[in-house]
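The block underneath contains the structure these notes are about, expressed in structure tokens.
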Amino acid sequence: MTALCDRSATELSAMLRGGETSSVEITASCFQRIEAVEDRVRAFLARREDAAQEQATAADSRIASGGAPAVAGIPLALKDVLSTRGVETTCGSKILDGYVPPYDCTPWKRLKDDGSVLLGKTNCDEFAMGSSNENSAFGPVHNPWDLTMVPGGSSGGSAAAVAAGEAIWALGTDTGGSVRQPASLCGVVGLKPTYGLISRYGLIAFASSLDTIGTFTRGVRDAAMLLSFIAGKDLLDATSLDTPRRDYTEGIDGGIDGLRVGVVREAFGEGVEAGVESSVRDAVDRLAGLGATVGETSLPHTDYALSAYYLIAPSEASSNLARYDGVRYGLRVDGADSIEMMTRTRGAGFGAEVKRRIMLGTYALSAGYYEAYYGQAQKVRTLIIRDYEAAFSDFDVLVSPTSPTTAFPIGAKVDDPLAMYLNDVFTIPANLSGMPAISIPSGLDEKGLPVGVQITAPVLREDVLLRAAFALEQAIALEGRPRLVTDLAA
Amino acid sequence: MPVEIDIDHVARLARLELSDEEKERLRAQLAVILDNAAKVGEVATEDVPPTAYAIPRSNVLRPDELTPSLPVEEVLANAPEVEDDRFKVPRIVEVE
């Protein structure tokens, strides 16, 4: 029998309503799984078993009295860049070690009010900067499919937790691919909705013009369900869009007959592993088999997107991270005066990648260089958006690999920042353009590691995105789970 | 041409203490990254307008209503040093 913690939220929600199980049982099942695998996976930075069981008990009585929201009683994990009142939030950084937020981020506030259960906070690259989770100050997360491999990043803990059945679903953040890429490497579904669809109030900022909250689930329908409960206008985030709350699961099974699917030519070039290419090509064939009209399209400025991103994101980060000054929260290293205190605090508190990006961004924004770097990168951003506008005049959705490779060994790319940055080459354009995109598992490569296929839709067309992803997921019908999980059942 | 960066100047702007070893490593790494990033100049021509936000918004207003502030005690509990409900910092100005 499938353990409760390995079931989908959709299924569990129905079971809860039918009285077949309780939130207390589901939550206990998640903690049992955590107990069994967490010493090897290391997805969590903080677990809160007692508080979670209290929330589960409350959810059970709410469900029993009828009319509880569909997310009530479903256990969740949150990436540790999302503020949780009373629960330590570190961003995977020593500089915030011990920081306890005095308020909740809006997505968690909404889920909590609707009866969700918080299992804990998940590990991530420091301040969400990284593609392998190796930049966490608290040690790397291990990929549940192969513990010697990275889970991807920066939301690697959330991805690994969902893949290993330690959580039913999880939230992460995606600034250049940090939800989609780890989802791809861990064989789960990662959704990055339109920029501004989910409020970022309480998300500890990395690059404000790119940061997007996203979901990790074991199925597309779960992603649509979770999105329905966290999306929509929030007065506390001026960048949140004026969209009404809606049920994104509606129409998800409508099929894709006649849908125009554009295959991105630039996403099958040099650097894409053969196993990735063949799996994604198979997925494209399946889309055609489902009645979609498939054609080739081009995003000609793809090559420049990466360069633009690695100017824009560090520039914004260097500004956002100015707040870590040893005054209001987090680490302080004493100095003779305030400037020396700040300089020492930041030198001791930030890790190598964060320092690299602060230096890069500070340089790119400094007098004499602003136009040549940041200004030019913003122009490239316009070109990327025009690429998408042209492609979407012929196609409803675009398809590419999520990542050029499957999971790579821990330690393989740590000394080569440029090689590491290349992991995000296919995910970055959706951040620069604000488009919604999703990664779903398309199969396993010859090493038995998951491959992800990325679908992108125009701004605020989550309906088309989810319908296409759901149809493809049903057609692929991938059964595999990490051996770590299947061994437990044996 | 590789980019020459005045690491000490940039670190001072960023209020970031770096060891000599870190400076050496960053000087080399940033030169490579910036060299690659300079590619943006190849296509970012005069006639292309810049984009700051993919989905631009302006004059986003909310009703001007009083709401409770964050609880002072919870906020100050995170501070490295506190005095009388205030954040305490080391000396800022020189005293004669």
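Structure values in brief
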| quantity | calculated |
| --- | --- |
| B:LEU34, sole failed condition from (1) under 30 Å from A:CYS105 (Cα atoms); (2) touching a Phe, Trp or Tyr at 6+ places or on another chain (Cβ under 8 Å); (3) more than 7 Å from every other protein chain (Cβ to nearest Cβ) | (1) |
| In the range B:16-27, the residues that are touching a Lys or Arg at 6+ places or on another chain (Cβ under 6 Å) and of a type in the set (D, E, K, R) | B:GLU17 |
| Spans of helices (runs of 4 or more DSSP H) in the range A:1-89 with at least 1 residues touching a His at 6+ places or on another chain (Cβ under 8 Å) | A:23-41 |
| Pair list, Cβ < 6 Å and 6+ apart or interchain, from the range A:399-423 residues that are under 21 Å from A:LYS192 (Cα atoms) to residues that are modelled with pLDDT of 95 or more and among the basic types (Lys, Arg) | A:THR402/A:ARG180 |
| A:GLY375, sole failed condition from (1) at the interface with chain B (Cβ under 7 Å from one of its Cβ atoms); (2) closer than 30 Å to B:GLU94 by Cβ | (2) |
| Listing of helices (runs of 4 or more DSSP H) fully contained in the range A:403-484 that carry 3 or more residues being open to solvent by 20 Å² or more (accessible area, probe 1.4 Å) and more than 27 Å from B:LYS39 (Cβ to Cβ) | A:462-476 |
| Only one of A:ASP222, A:ASP257, A:ASP237, A:ASP247 that is among the charged types (D, E, K, R), more than 29 Å from A:ARG386 (Cβ to Cβ) and buried (at least 16 other Cβ atoms within 10 Å of the Cβ) | A:ASP222 |
| Qualifying residue in the range A:140-151 (condition: away from chain B (no Cβ under 14 Å) and on the phi > 0 side of the Ramachandran plot) | no |
| A:ALA412 vs. criteria away from chain B (no Cβ under 14 Å) and farther than 18 Å from A:SER178 by Cβ | yes |
| Residue tally, condition open to solvent by 10 Å² or more (accessible area, probe 1.4 Å), modelled with pLDDT of 95 or more and either within 14 Å of B:LEU70 (Cβ to Cβ) or within 11 Å of another protein chain (Cβ to nearest Cβ) (or both), over the range A:89-101 | 2 |
| Set A:GLY258, A:GLY271: member being over 19 Å from A:ALA377 (Cβ atoms), in a loop (DSSP other than H, G, I, E, B) and in the same structural domain as A:ILE95 (by TED's automatic domain parsing) | A:GLY258 |
| Breaking point among (1) crowded, with 23+ Cβ neighbours inside 10 Å; (2) at the interface with another protein chain (Cβ under 8 Å from one of its Cβ atoms); (3) of a type in the set (Val, Ile, Thr); (4) touching a Gly at 6+ places or on another chain (Cβ under 9 Å), for A:ILE358 | (4) |
| Single residue of the range A:363-372 satisfying the filter (open to solvent by 20 Å² or more (accessible area, probe 1.4 Å) and assigned to a helix (DSSP H, G or I)) that is farthest from B:LEU30 (Cα to Cα) | A:GLU371 |
| Hits in the range A:218-237 - residues which are under 13 Å from A:ARG110 (Cα atoms) and assigned to a helix (DSSP H, G or I) | A:LEU226, A:LEU227, A:SER228, A:PHE229, A:ILE230 |
| Test for A:ALA137: is it under 21 Å from A:SER29 (Cα atoms) and more than 8 Å from the chain's Cα centre (by Cα) | no |
| Any hit, the range B:69-77, residues being assigned to a helix (DSSP H, G or I), facing another protein chain (nearest Cβ under 7 Å) and in contact with a His (Cβ under 8 Å, 6 or more places away or on another chain) | no |
| Residue selected from the range A:310-355 under the condition part of a loop (DSSP other than H, G, I, E, B) and more than 8 Å from chain B (Cβ to nearest Cβ), by the criterion most open to solvent (accessible area, probe 1.4 Å) | A:VAL333 |
| Tally of residues being open to solvent by less than 10 Å² (accessible area, probe 1.4 Å) and either part of a loop (DSSP other than H, G, I, E, B) or within 13 Å of another protein chain (Cβ to nearest Cβ) (or both) across the range A:203-217 | 6 |
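A quick yes/no check of all residues on (1) within 16 Å of the chain's Cα centre (by Cα); (2) farther than 30 Å from A:HIS142 by Cα:
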residue	(1), (2)
A:ILE385	no, yes
A:PRO404	no, no
A:LEU418	no, no
A:ILE440	yes, no
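Rundown of residues vs (1) crowded, with 24+ Cβ neighbours inside 10 Å; (2) at positive phi; (3) of a type in the set (Lys, Arg); (4) not in a loop (DSSP other than H, G, I, E, B), yes/no style:
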residue	(1), (2), (3), (4)
A:SER132	yes, no, no, no
A:ASN135	yes, no, no, no
A:PHE138	no, no, no, no
A:SER154	yes, no, no, no
A:ALA161	yes, no, no, yes
A:GLU166	yes, no, no, no
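The values are calculated or read from the model by the stated rules, or taken from the named source; none is laboratory data. Computed from a predicted structure; not experimentally measured. Neighbour counts are summed over all protein chains in view; Cβ atoms, including those assigned to glycine, are modelled from backbone coordinates with ideal geometry. Accessible surface areas use protein heavy atoms only, side chains included; no ligands, DNA or RNA. Shrake-Rupley method; radii C 1.70, N 1.55, O 1.52, S 1.80 Å.
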